[in-house]
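One structure is given here, and the rest of the page talks about it.
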Amino acid sequence: MGAFLAHAEPPAGTVVGTGHPRYDLALSLCAYVFAHIAPGALPVGSMGALRHFASSQGSFDGINAGQESPTQHFQVLPSQLHRLQNLLLYAAVLRGALYNNSHALADHIYPLDVVLRPPRVLGLPPPDEDALKMQHIILAACAIGVLMTSTRDSASTNAIAGALGLADISQFPSLVNGEGRAIGNFERAGIVYAVHASRGRVEQTLMTIGGGVLPTVLLLPGQAMKLPNFLFASTRGKLPALSSLADDSDARRVSANILLALAKVFQEAGALGSALICFYLALGLHPTSSTYNNAGILLSSLGPGVTALVTDDNGHSRVQDAQTIARAYYTNGLALDDQHPHLLTNLGSLLKDQGQIGEAMQMYDRAIRAKPDFDVALANMANAVKDLGRTSEAIDYYRRAVAVNPEFTEALCGYVSALCAVCDWRGRGSCIGAVHEHLNARYEPYVDQEGQLRWLSRDAPRDAGLGLMNKLEELCEMQLHQGYSYGVGALRSVATLQGWIAIIERALGHRLMGNDRQRWTKSVARFYDDAIDRKEKHLNEGGFVIQLVEYLTRIVQRRWYIEAYGMRPFLALGEPAVAPALQNLQPEHARLYHRPRIPASLTVPPLPSVLPFHAFVYPLSIRRTRLLSHRSALRISHMALSQPWLPEHVYPPPPPRHGKIHIGYVSGDLNNHPLAHLMQSVFGFHNLHDFSVFVYATSASDGSSYRQKIESESEHFIDCSSWTTAKIVNQIVSDGIHVLINLGGYTKGCRNDILAARPAPVQISVMGFAGTLAAGWSDYLLTDVTACPPETSAFERWRQRHARKEETSRIQDDLHQLERETDVDVRPDPESFSEEWMYSEKFIYMPYSYFVNDHKQAFRRDDFPDDGAPAIRTTDPEKLWSLEFARRTRLRQVLFPDLHESTIIFANFNQLYKIDPIIFATWLRILEQVPNSILWLLRFPAAGEENLLRSARQWAGDAITSRIRFTDVAAKEQHIQRGRVADLFLDTVECNAHTIATDVLWSGTPILTWPKYKYKMCSRVAASIARATGFGSQMIVSSLAEYEARAVALAQSPAELTALRRALYLDRDRVPLFDTRMWTRHLEVGIREAWRRWVEGTEFEGSEEWNKTNGPERASSCIWINPDGTIAPSPQSLMS
C-alpha cells in the first residue's frame, strides 16, 4: 500500500513525555490489559507491546496456536474480539495524539487484521505463511470496484484478470452483474485470497490504472453493500474470524468504526481512492447515516469531472459523475435518519452546487429545524439566500452562525461580506495593520458598535477599536500561516534529493552543470532539511511542488515544439502545412515528453476563507492579498493536475501556421453580463488574415442579444457549457490554440481548471479579474502602466537586482533575504515576505487603457432624437452640444423634478459594497461644503439605503442626510442614458468603478478618481480609463485631501465643469477609450509578441536564449505596445 506518513517514532519500550499525562496514563492502561491477555508480552507501559501483540500469529478462535513465543500464547474468544478491537483502536487514537499520527496507518489496520484470520476448522489457511491482512482486503475491494465499473472487454478488466491469473473473462459474470457470489474458481476462498496469492501483481496493476495510486472507484450504495459477500465468499459475507458466531453484529459495528477512522487517515495522506474503499466496506459491514454522510462528502469533493460507468440494482448501466453518486449516498443516509442535520446540510450544498438552490434551501431549513444551533447549516442557508439577493435575511443567518461559533471562519467571512454589501458598518472596527499611509499619520479611523465613525490614536492600546474586520484579518493571517504545514514530506514521498534533480534534468532535456546544478540542488534540498522551521521561513512545500510541476510542464512543452518545428513562430510562405502533433502521437512521445506529476501523496491544498475577490475592498496588506490569490491558484492547480484523464505526456504544442496565430477565449460570462457588454464586438473585430479566433463558452446561452451577437460574429464559437473539463481541454488542444485568454480569473463561474491543465503554450489573463492570479497557469496580465506600474511586478524587480549584480533568489542567500521576489532564480514566489510587489505575471502593456468597452458600437441611441426621427447627421459641435444639453435637461426634470437647475448632482452608481466608511465620510464633507448639491446613489442593493442614511445622520446630521437621493437600478440602456444627468461622478477608492466608469464617461459626465494603492489594480482602473479619454489630468487626483478639494472646486466652478463635460461628450467618438477596433489591434500585437518570445525562448529570463537576445525582452519582461501598433524597444523609449 506504500508509506503514507514518515514521522519518526520513539524506540520500542520508551515512555513518552508528551505533556499529555492523561494520554500517557490511558495508553499505559491499554498496555496493562494487553499484558493480562497476553502474559509474557513486553513490559507494561511499553509502546511496543501494543504492536507486538497485534501482529502476533496466534489463533483468535479460542484454539491455542501452539507457537513457542510467549507473546503468541493467548486466547480470545470470537465473541470478545470486538472488545479487543476497541482496545486496539483506543491505543491507535492515543498514539496518534502522542506522536502526531506517527504510524497512523499501521495502527488503524491492526485492529482490523485480527478479524481477518479464519479459524483452522474451516480448512482454509492462507496460501502461505503470511497472514491475510487488511491490505489484501482493500486491494481486493478496489479490484472488485474497478470490475463493477468497467465493461467486460475493457483494458482495466483484462489487466486485473491477468493479475489474478485468470485468462477467461467469462469467470467474472457474477461479479460484473452485481451478484453476491464468489468468482469463478475462487468459490470457496473468494477473490481476496487470489489477491493475496498474486504477490503484488494486483496491487501493481491497480496502481497503474490509478496513475501511481489506487484508482478512485465510484460505486452506488447498493454495490458497496455487497462488497463483504464478494470479499468473504467462503464465510458467506462474515468476517473470517467470526464465522462461527451466529451474531457477529458487534464486531461488524466496531470494524466499521475502525474503517471510518482508517478512511480519515487515508484522506489526510491524500489517498482518496483508499479512503473511499474504507467507506464502502464500512457500509457493507454496518450501514449508518453517518457513514453515508462521510462517503457522500468525499464523493462530492471529487467534483462533476470524475465519472464512472455504474450499474443499478435493476441492471441498468449508465455513466454518472461523482456528485450524482454522492447524492445517492446522502439520500440513503436520510432513509435511515431523516433528521440527520449533517446529511441534510451536505445534500443541500450538493444541490446548490448543481444549481438547484430552492431544493438546497429546503434541506438547510430542515437541518436548522432539526438542530437550531447548527452553525454550518446556518452559514450555508445564509450563502444561499445571499445568492438570491436577500442580503438582509442572509445577515441574520450569518449572525446566528457566528454567535454559535465565533471561530467559524467561513461564517465570519460571509457575515463581513454581507455587511459590506449593504454598508452596515456597525462594529466594523479599525484598520490597524492595514495600508493607510494616505490618512492622518497619528490617528486611525474605526467604526464602533453603534456605527459612529471615530479616530483612534496610533498610540492607543492594541485592542482598542477592534471589530469584525480586525477579527477577519486575524483569521486570514492564521489560515495563511497554517498553510506552511501543507505538503510536508511530498518531495520525499516521490524521490530522494538527487532523484528530483534527475526529474528536473529529464524535463529540461539536458544535464544540469556547475552553478545551475548547485542552485537547483539548493532549492530542493531545503525541503530535506528537518532543521528548517517551515513556518518561520514561509516555506510551502506543497506549493513548491505544484509550481515546480507547472514550470517543468511549460519547459517540456516548449522543448517538444522546438524539436518538432524548430525555433520558428510561423511557417515560411509556400511551406507545406504541418499536421498538429496530436494527430501524430507515438508511444515514444510519452517517454520523450513525459508529463511531470504532482506526488500522489499530496492532498488538496487548504483554501483560505477570504476569497481573492474580497481583497478588493478589505484592508489587507500587499502580501496577504497576493497570497489569497496564490493559495486559490494552488487549489485549482491541484484539482487539474491530479486528474486521471491527463495523458502521460504533456499536451503537444500547436504547430506553426502560415503567419497565423490561433487565439482561444475561455469565459462563462458571455451572456447578459458586464463582460459581454464590454467585449461583445471584440471577437468579431479580429483580423482573420492573421488570427483564427475560437471562443469557448462555459455557460449556457441566456438568449440575450449579447450572446447572440458574440455567437454570430465569432469565427469559431463553441458552447461547451455541458462538457467535462477533459473534453474542453482536449478540444482546445485539437484546435491548435497558441494563445489562450482567460476572461474569468477569480470571479463567479470561472473555469480556471481548464487553464491549469495547460492546454496552450501561452496563457493571458484579460479583463475578468482586476488583480494578480498569482498562478503558474497565468503567464501574462493584460494591463497598462497606470493600472499596474512596472515596479509592482516580480519580474521587473528581479531585473533591478540582476542589473545591480545582487543575489536574486531568496533561497540562495540561505533563506535570510526572504523578501526577495523569486524562488529558483526567476520563478516568482508569492510566499515571499515582500510587501513591495504584487504580480507574478508578466505585463502586456496597452498604450492607453487595458479596459475595453463596446459603447461606440452598442450604445448609439443619442444619435436619434427623442421623437424617433431619423438619426442625427450633423457634425457641427455646437448643434450636437445643444441637442445633448436639451436632452440632459429633460431627463433631469424627469428624475429629479424638485431640483433647481443650478443644483449640483454628485453621483456614484457602483454596487454599494465598494463604498467604505472613509470615502462616504468624504462625500458627506463635500455635501457640507457645497450646500446647493445632492448625492445620487443606487439601491444596489436596496437594503443598503437604510444603513447609509443611518450613518449619514450619525456623522453629518439630518440636513445633509436629506440631500442623499436613492433610485432603483436601471436596465443597461436606461442606465447609460440617465448617467448624463449627474454633474460629477465621485468614484470609490478601495475598488473603483470599472464598467460604470466607461458608462458614465460615454454619457459625457466627468468622473473624479484617486488611484489610492500603487499595488492594487482594482483601485487604479478608473484612473486608467480616465487617462484614455485625454482628459485624465482633470479627473485624477493623488490624495484624499485633493479628492475632496477638487470635487468642491469643480462644483463651485460650473463653467469649468460644463467645459469638461462638453469636451468629453463631443470627443467620445475620437478618443482611444472608445475605439474598440484599435484596442483589438493592440491586443493582437501583444499576442503576436508573446507568442514570438515563447517560441524563441526569450520569455524565460536567465535562459541561454534570453542571455543572447538583444530584443526588447532583454530590457523588460513587459511587452510595451506603442500607439502605432509596434513594440517599443525599451520602456524608456515608450515613456519618452
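Of note:
- Solvent exposure, largest accessible area first (probe 1.4 Å, DNA, RNA and ligands not counted), of 723, 923: 723, 923
- Tilt relative to the chain, helix 272-285 - C-alpha long axis, 0 to 90 degrees, to 10: 50 degrees
- The C-alpha radius of gyration of the stretch 918-1015, expressed as a fraction of 2.2 N^0.38 Å, stands at 1.10.
- Listed residues 690, 968, 448, 459 arranged by accessible area, highest first, probe 1.4 Å: 459, 968, 690, 448
- Ordering of 512-522, 733-743, 927-937, 83-93 by burial proxy (mean other Cβ atoms within 10 Å per residue, highest first): 733-743, 83-93, 927-937, 512-522
- 20 Å cut-off, amide nitrogen to a point 7 angstrom out along residue 498 Cα→Cβ, residues in the stretch 517-540: 517-530
- Heavy-atom accessible surface of the chain: percent carbon and sulfur, 1.4 Å: 52 percent
- Mean separation of Cα contacts under 8 Å (6+ apart) over length of the chain, as relative contact order %: 7 percent
- Segment residue 901-residue 1041, length gained on full extension (0.36 nm per residue, minus Cα span): 47.6 nm
- Cα radius of gyration and Dmax for the stretch 876-1075 (Å): 15.8, 50
- Helix-only arithmetic for the chain: the sum of -39500 (n - 2.57) across DSSP H runs with n ≥ 4, divided by the residue total, places the mean residue ellipticity at 222 nm at -13500 deg cm²/dmol.
- For residue 1040, solvent-accessible area (1.4 Å; no DNA, RNA or ligand), Å²: 20 Å²
- For the pair residue 929 and residue 508, the difference between a 0.36 nm per residue extended length and the Cα-Cα distance amounts to 145.0 nm.
- Estimated D of the stretch 951-1004 in µm² per second, where Rh is the Kirkwood radius over Cα pairs and Stokes-Einstein applies at 4 °C, 1.567 mPa s: 100 µm²/s
- Length gained on full extension, residue 861 to residue 388, computed as 0.36 nm times the residue gap minus the Cα-Cα distance: 167.1 nm.
- Computed over the stretch 658-758: relative contact order in percent, which uses C-alpha pairs under 8 Å that are six or more apart: 37 percent
- Summarised in one figure, the compactness ratio Rg/Rh of the chain, Cα atoms and Kirkwood Rh, is 1.01.
- Stokes-Einstein D (µm²/s) once Rh is taken as the Kirkwood radius of the stretch 625-774 over alpha-carbon pairs, at 10 °C in 1.306 mPa s: 100 µm²/s
- The simple Förster model, with R0 at 30 Å and r as the Cβ-Cβ distance, assigns residue 1058 and residue 959 a FRET efficiency of 0.65.
- Heavy atoms of residue 76 accessible to a 1.4 Å probe, total area in Å² rounded to 10: 10 Å²
- Distance distribution P(r), the stretch 765-850, all Cα-Cα pairs, bin width 10 angstrom from 0: 19, 49, 27, 6, 0 percent.
- Pairs exceeding 23 Å between alpha-carbon atoms, taken from 535/805; 264/371; 805/1016; 748/972; 748/1016; 471/537: 535/805; 264/371; 805/1016; 471/537.
- Farthest toward the positive end of the dipole of the chain, out of 789, 267, 653, is the Cα of 653, where the dipole comes from beta carbon charges about the Cα centre.
- Separation of alpha-carbon centers, the stretch 575-641 and the stretch 501-567, rounded to whole Å: 15 Å
- Excluding same-chain neighbours fewer than eight residues apart, the aspartates and glutamates reachable from residue 1108 by a Cα-Cα span under 19 Å are 516, 796, 825, 1089, 1096, 1099.
- When +1 charges are put on Lys and Arg Cβ atoms and -1 charges on Asp and Glu Cβ atoms, the dipole computed for the chain relative to its Cα centre reaches about 360 debye.
- Farthest positive-ward along the chain dipole, Cα basis, beta-carbon charges - from 148, 700, 688: 688
- Of 27, 755, 306, farthest towards positive along the dipole that unit charges on Lys, Arg, Asp, Glu beta carbons give the chain: 755
The values are calculated or read from the model by the stated rules, or taken from the named source; none is laboratory data. This one's a predicted model, so the numbers in the text were calculated from it and none came from an experiment. Glycine also receives a Cβ, built like all others from the backbone with ideal geometry; neighbour counts cover every protein chain displayed. Each accessible area value is taken on the protein alone, full model and side chains, heavy atoms only, with ligands, DNA and RNA left out. Shrake-Rupley method; radii C 1.70, N 1.55, O 1.52, S 1.80 Å.
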